[in-house]
Amino acid sequence: MRKLVYYVAVTLDGRIAGPGGEYDFFPLGDEQQAAAYAEWTDARYPETVPGFLRAAKGLADTPNQRFDTVLMGLGSYRPGLDAGFPSPYPHLRQYVVSSTLAPDTDPAVTVVGADPLALVRDLKREEGQDIWLCGGGVLAGALLPEIDELIIKSYPVVAGSGIPVLQGGFSPTLFEVTDRVSFDNGVAVTWFARR
């Protein structure tokens, strides 16, 4: 069965973005450190690179390694839409969970107005690669019962406030560390599997 995998960048205080959705404060290190980290992430998860950047990064013809579907909340989808990219991941099946977004925003994007849990359960029953939960925190909180794996890119910065990695009610859910990699820029990537 396919897995729902929350692959996300997180601050030390558990934020995926600032209060206004900003994410440009995540430290990348010096030029060499940033390049080495980007090279690793691009090789491991090339399908998480937005379509408009794939050619510039030499990934235009690179097959998907892990995911064939992306699931986004409106807050995760909106920056690409506002920048003129209504289909940010054309190499993936794209779903946006939103009760306010027009269903005909882009023919390559399926807008889901309600019940993201039912959507994920249906997607998991299909054949294919895993499903990438791109964000955001409200959607991740709603989908916590179906998250099979977390891939947390932990950055050495404290945001102070902003969008939490998971937002919702008190619901202790156990995961176990399956792997961890550290980089010279201070980022640590940790894989967690649901117990």
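Derivation of every value follows stated rules applied to the coordinates shown; laboratory data play no part. Note that the structure is predicted; figures quoted are calculated from it, not measured. Note: ideal-geometry Cβ built from the backbone for every residue, glycine included; neighbour counts use all protein chains shown.
Listed values, structure above:
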item: Value of relative contact order over the chain, rounded to a whole percent, pairs C-alpha under 8 Å and six or more apart; result: 34 percent
item: Relative contact order (%) - the range 47-124, alpha-carbon pairs under 8 angstrom, separation at least six; result: 26 percent
item: Local net charge near F26, Cβ-Cβ under 13 Å (Lys/Arg +1, Asp/Glu -1); result: -1
item: Local net charge near L59, Cβ-Cβ under 13 Å (Lys/Arg +1, Asp/Glu -1); result: -1
item: Integer Hz, Karplus 6.51/-1.76/1.60 couplings in order for the range 151-163, x for Gly and Pro; result: 10, 9, 9, 8, 9, x, 8, 10, 7, x, 7, x, 7
item: Radius 12 Å from Cβ of A188, net charge of other residues (Lys, Arg +1; Asp, Glu -1); result: 0
item: The chain - charge dipole about Cα centre, Lys and Arg +1 at Cβ, Asp and Glu -1, debye rounded to 20; result: 420 debye
item: Under-5 Å amide H pairs with G135, H placed in peptide plane, nonlocal only; result: G73
item: The range 107-164, dipole about Cα centre (Lys/Arg Cβ +1, Asp/Glu Cβ -1), debye to the nearest 20; result: 220 debye
